[in-house]
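Colleague: Just passing along the structure, written as structure tokens.
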Amino acid sequence: MTGRREELAERLAAVRARVESALAAAGREDPVTLVAVTKWFPASDVDLLADLGVTDVGENRDQEASAKLEEVADPGRLTVHFVGQVQTKKAGSVARYADVVHSLDRDRLAHALDRAAAREGRVLDVLLQVGLDTSGGRGGVEPAALPALAEEVAGLEHLRLRGLMAVAPREEPARPAFARLAALAADLRADHPDATWLSAGMSADLEDAVAEGATHLRVGSAILGSRESHR
Ligand SMILES: *Cc1c(COP(=O)(O)O)cnc(C)c1O
């Protein structure tokens, strides 16, 4: 276990250094939230990361996330981000442990999450996931449908519209795609001034995301290693 702790500490320090230099290169002094995406990795890694100062963790599958968070030693010190696609029937489960849902992409899911959050007596922070690719392969609402979805979500009592999220498309470089996302985020803020969060950037493209104004980075393998290395 000592070995794993050191490995995580080293990788985390390297990622934090990447974030710092990306912020410096962009001339930014505002903070960025690093979300460690712990999918595929055990609760013991979540505990080690929390000991190393990680405050935000991300998961992308409900079944895995709900089981893992039961095992985490001190869940109270973590903000839990759900970053994967949410099946409508899983909204009730996700609303129990997630603090932030990054992947809201349809009216039906918004209403299901709102009802579930109401039952739990909570208010969930939500981001609207935008599809940046032309093929539609990586999920998210089409940019043209964004204003209507935002309006719908803003009207729900137990959801707090925080901003936008996207995954870089496979068929083009990340930077111009993130620039389009940043423009959409600015449009959204014009109508919803509190929607200031921008979730973009993963292990491979976090520098591009920081350059385009990301406030939340979702970093998995650069911190935890490859999926194959720890099963
Ligand atoms: C897995 C995942 C990440 C992290 O990806 P890495 O390339 O491992 O950093 C980020 N966002 C989402 C939606 C993911 O599913």
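Colleague: Mind sorting Leu48, Leu113 by how few other Cβ atoms lie within 10 Å of their own Cβ, fewest first? Write out the running numbers ahead of the final one.
Modeller: Values: Leu48 20, Leu113 27.
With the fewest neighbours first, Leu48, Leu113 line up as Leu48, Leu113.
Colleague: Arranged by the count of other C-beta atoms within 10 angstrom, fewest first, what order do Val19, Val35 take? List each step's numbers first, then the result.
Modeller: Working: Val19 21, Val35 27.
By the 10 Å Cβ count, ascending: Val19, Val35.
Colleague: What nm value, rounded to one decimal, do you get for the distance between Glu151 and Arg227 when each label is placed 7 Å out toward the C-beta?
Modeller: 3.9 nm
Colleague: Related question: Given a Förster distance of 30 Å, report the FRET efficiency between Arg115 and Ala190 from their Cβ-Cβ distance, rounded to the nearest 0.05. List each step's numbers first, then the result.
Modeller: Details: r = 29 Å, r/R0 = 0.97.
Efficiency at R0 = 30 Å is approximately 0.55.
Colleague: While we're looking at this one, here's another question. If we count other beta carbons within 10 Å of each Cβ, what is the order of Val46, Val72, fewest first?
Modeller: Numbers: Val46 25, Val72 21.
Ascending Cβ contact count within 10 Å gives the list Val72, Val46.
Colleague: On full extension of the chain, what length is gained from Arg5 through Asp51, given 0.36 nm per residue of separation minus the C-alpha to C-alpha distance? Present the calculation step by step, with values, prior to reporting the outcome.
Modeller: Working: separation 46, 0.36 × 46 = 16.56 nm, distance 0.93 nm.
Result: 15.6 nm gained on full extension.
Colleague: Another one. For the range 40-70 and the range 176-231, what is the separation of their C-alpha centers, rounded to whole Å?
Modeller: 20 Å
Read-outs throughout are calculated quantities, based only on the coordinates presented, and are distinct from any laboratory measurement. In this text the structure is predicted, and so the values were computed from the model without any measurement. With ideal geometry, Cβ positions are generated from the backbone for all residues, glycine too; neighbour counts draw on all protein chains shown.
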